[in-house]
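Presented below is the structure to which this report refers.
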Amino acid sequence: MDEETFERVRAVVASIPPGRVLSYGDVAELAGLRSPRLVGRIMSEDTADLPWHRVLRSNGTAAEHLRHRQLELLRAEGVLAQDGRVSMRRYRWST
DNA sequence: CGAGTGACGCTCG
DNA sequence: CCGAGCGCCACTC
């Protein structure tokens, strides 16, 4: 793992505006990575000071151990979920 | 070097 | 909706 990749991912996640979300795949692409798994791994290492809750799966769901808190944090930003899933079509951050 | 695993993604049935 | 398969990168036995 090189430091640069790590920082790039952090930069992308940190740049997601409140009320918007991105999928792991999106983050990977924006960070110039070839695999979304890398993003997941990096996120699991250190999410301090990062709006990690704005990153979910492409289908709008989140990982089991984070699901509850994540939806809670998103709800606080105006991102409402139905049946535990976020409508990516509406909240996906596209530039 | 091979096999398993993970905050993943996409397609197909 | 659910599971199965395959691809992906890095890391640990």
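Annotations for the structure displayed:
- Magnitude of the charge dipole for chain A, about its Cα centre and with charges confined to Cβ atoms of Lys, Arg (+1) and Asp, Glu (-1), is about 540 debye.
- Surrounding net charge for A:GLU29, when Lys and Arg each add one and Asp and Glu each subtract one, Cβ distance under 14 Å: +3
- Karplus-derived 3J(HN,Hα), 6.51/-1.76/1.60, for each residue of the range A:41-54, Hz, glycine and proline x: 5, 5, 4, 6, 7, 8, 10, 4, 6, 10, x, 4, 5, 8
- Formal net charge of residues neighbouring A:GLN70 (Cβ-Cβ distance under 12 Å; K, R +1; D, E -1): +3
- Angle in degrees between helix A:64-76 and the longest Cα principal axis of chain A, rounded to the nearest 10: 70
- Label point 7 Å beyond Cα of A:SER87 along Cβ direction - residues of the range A:6-40 with amide nitrogen under 17 Å: A:19-22
- Summed residue charge, Cβ within 13 Å of A:GLU3's Cβ, Lys/Arg positive, Asp/Glu negative: -3
- Ligands, DNA and RNA aside, A:GLU64 has an accessible area near 130 Å² when probed at 1.4 Å.
- Dividing the summed helix terms, -39500 (n - 2.57) for each DSSP H run of n ≥ 4, by the number of residues in chain A produces a 222 nm estimate of -14000 deg cm²/dmol to the nearest 500.
- In the distance distribution for chain A, Cα-Cα pairs more than 18 Å apart total 38 percent.
The values are calculated or read from the model by the stated rules, or taken from the named source; none is laboratory data. Since this is a predicted model, take the numbers as computed values, not measurements. Don't worry about glycine lacking a Cβ; one is built from the backbone with ideal geometry, like all the others, and counts go over all protein chains shown. For the accessible areas, the whole protein counts, side chains as well, though only heavy atoms, and no ligand, DNA or RNA atoms are used. Shrake-Rupley method; radii C 1.70, N 1.55, O 1.52, S 1.80 Å.
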